[in-house]
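To keep things clear, I will list the structure first and then write my remarks on it.
The values are calculated or read from the model by the stated rules, or taken from the named source; none is laboratory data. Keep in mind that this is a model prediction, so the values were computed, not measured. When we count neighbours, we look across all protein chains shown, and the Cβ atoms used for this are built from the backbone with ideal geometry, even at glycine. SASA here: full protein model, heavy atoms, side chains in, ligands and nucleic acids out. Shrake-Rupley method; radii C 1.70, N 1.55, O 1.52, S 1.80 Å.
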Amino acid sequence: MEWSGNQTLITHFVLLGLFTQTPLHFFLFSIIMTMFLVALTGNGLMILLINIDSRLHSPMYFFLSWLSLMDLMLISTIVPRMAVDFLSGKGYITFTGCGLQILFFLTLLGDECFLLAFMAYDRYVAISNLLRYSLVMNKRVCWLMVAFSWLFGLLDGLIQAVFTLLFPYCGSNKIDHFFCDLPAILKLACADTSLYESMIYVCCVLMLLLPFSIISASYLRILVTILKMHSAEGRQKAFATCSSHMTVVTLFYGAAMVTYMRPQAYHSSKQDKVVSAFYTTLTPMLNPIIYSLRNKEVTGALKKLLGRCSCGQREDSLQ
């Protein structure tokens, strides 16, 4: 604590966490950790398969490999820290640590928002304009899209992390959350945050509504194209690919919009923590499961990899 006039300024925060030390919450904690391990395994495996199998060297899988990397980083920014705080019974985090967590979290959140939009555009070109697909979605364009996602995500994360920690914080230093989330932190500020909240809303329009509008427009055009297809097999394949993508988009954007596009007065700590768990834990776990189980090329690449491993083990045993 530091003294400034008659106010005691906070120099660190205490995260209250998602769970308490009860048998039920120990059970829920074990579920979260299982989801964390599944997310690490699934996303790591997706990155490996896409990089080693030449059949998966296409724009769709290029974007999917980056999505898996972002999910790996996103869940690793939140869950390990939460687990240490829960098991140790402490939630101490410095101003710098809180700022870095805000920076990494919002950067990755912004990255994923734009990447999902580019993935939707990629599917639109592939289904609605197949003859020009290789020309429109060439390697240079794909890399530029990924670079754009990272640049705008980093810019958003940096601006919000710096501005958040510029506010004076006094009184209670307890954040009723399991990570340094903006709505929970701003409740502790002993200054008028209304202008900053308006800025956050503008950022959300750019980082959430703009990409979501691109996704909606792309899938509307895709739906029109699918309905015009004469081949039942082609329609089924297109619907399977797009429905899996829309499942991910609905979960991710829905939870993010509920958290960041509501006025501060309407925020409830319990509700915010539950909703945050969706896009910090559930979505990173579901992404590789949805894309792999619904995709014959990915399951084929996995079978090929397992076949190589089993053959290698047989050769070692024979030697």
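Say R0 is 51 Å: what FRET efficiency, to the nearest 0.05, do residue 232 and residue 21 get from their beta-carbon distance?
Values: r = 56 Å, r/R0 = 1.10.
The pair residue 232/residue 21 has a calculated efficiency of 0.35.
Take residue 84, project a point 7 Å from its Cα along the Cβ direction, then tell me which residues of the stretch 148-179 have their backbone nitrogen under 16 Å from it.
178-179
Calculate how steeply helix 59-88 sits against the longest principal axis of the alpha-carbon atoms of the chain, using the helix alpha-carbon long axis, and give the answer as 0 to 90 degrees to the nearest 10.
Taking Cα atoms only, the helix is inclined about 30 degrees.
Where does the chain land at 222 nm, in deg cm²/dmol rounded to the nearest 500, when only DSSP H runs of n ≥ 4 count, each adding -39500 (n - 2.57), divided by all residues?
One gets -25000 deg cm²/dmol as the mean residue ellipticity at 222 nm.
With each label point set 7 Å from Cα along the Cα-Cβ vector, what nm distance links residue 129 and residue 202?
3.2 nm
Work out how much length residue 195 to residue 270 would gain on full extension: take 0.36 nm times their residue separation and subtract the Cα-Cα distance, in nm to one decimal.
On the way: separation 75, 0.36 × 75 = 27.00 nm, distance 2.52 nm.
Value of the extension gain: 24.5 nm.
To the nearest 20 Debye, how big is the dipole of the stretch 12-289 about its Cα centre, given +1 on the beta carbon of each Lys and Arg and -1 on that of each Asp and Glu? Don't jump to the answer; show the numbers that get you there.
On the way: 16 positive and 13 negative charges, 122 e Å.
The calculation lands at about 580 debye.
For helix 23-52, what angle does its Cα long axis make with the longest principal axis of the chain, in degrees from 0 to 90 and rounded to 10?
40 degrees
Read through the labelled values (i) 62, 53, 34; (ii) 73, 54, 34; (iii) 57, 41, 40 and report the label of the one computed as Cα extents along the principal axes in Å from the structure.
Here the calculated entry is (ii).
List the relative contact order of the stretch 1-102 as a percent without decimals, with contacts defined as Cα pairs under 8 Å and 6+ residues apart. The partial results should precede the final answer.
Values: 75 pairs, mean separation 40.8, N = 102.
Result for the stretch 1-102 is 40 percent.
Picking from 290, 52, 93, which is most flexible by a Gaussian network model of the chain using Cα springs under 10 Å?
52
If you roll a 1.4 Å probe over the stretch 12-289 with all protein chains in place, what percent of the accessible area is carbon or sulfur? Don't skip to the end; give the middle numbers.
Numbers: 9270 of 12790 Å².
Result for the stretch 12-289: 72 percent of the exposed heavy-atom area is carbon or sulfur.
Only Cα pairs under 8 Å and at least 6 apart count here; give the relative contact order of the chain as a rounded whole percent.
After rounding, I find 26 percent.
Under a 10 Å cutoff between Cα atoms, tell me which one of 99, 300, 17 has the largest fluctuation in the Gaussian network model of the chain.
300
Taking 30 Å as the cut-off for C-alpha to C-alpha distance, list the pairs among 273/303; 139/304; 90/187; 139/296 that go past it.
273/303
Hand me the trypsin sites (Lys or Arg not before Pro) from the stretch 24-117 located in a DSSP loop with no more than 13 other Cβ atoms within 10 Å, in residue order please.
90
What number comes out for accessible area per residue over the chain if the probe is 1.4 Å? Units Å², please.
Value for the chain: 51 Å² per residue.
Over the chain, what is the percentage of antiparallel beta bridges among all DSSP beta bridges, to the nearest 5? Spell out each step's value before the answer.
On the way: 8 of 10 bridges.
Bridges in the chain that DSSP calls antiparallel: roughly 80 percent.
Looking at the square roots a ≥ b ≥ c of the eigenvalues of the Cα gyration tensor of the stretch 173-242, which shape do they give, rounded for a/c under 1.5, prolate if a/b is larger than b/c, or oblate?
Judged from the Cα gyration tensor, the stretch 173-242 comes out oblate (a/c at least 1.5, b/c at or above a/b).
Only residues of the stretch 27-53 count here: report those whose backbone N is under 17 Å from the spot 7 Å along Cα→Cβ of residue 289, or say none.
Zone members listed by number: 28-46.
In degrees from 0 to 90, rounded to the nearest 10, what is the angle of the helix 296-318 Cα long axis to the longest principal axis of the chain?
It is inclined by approximately 80 degrees.
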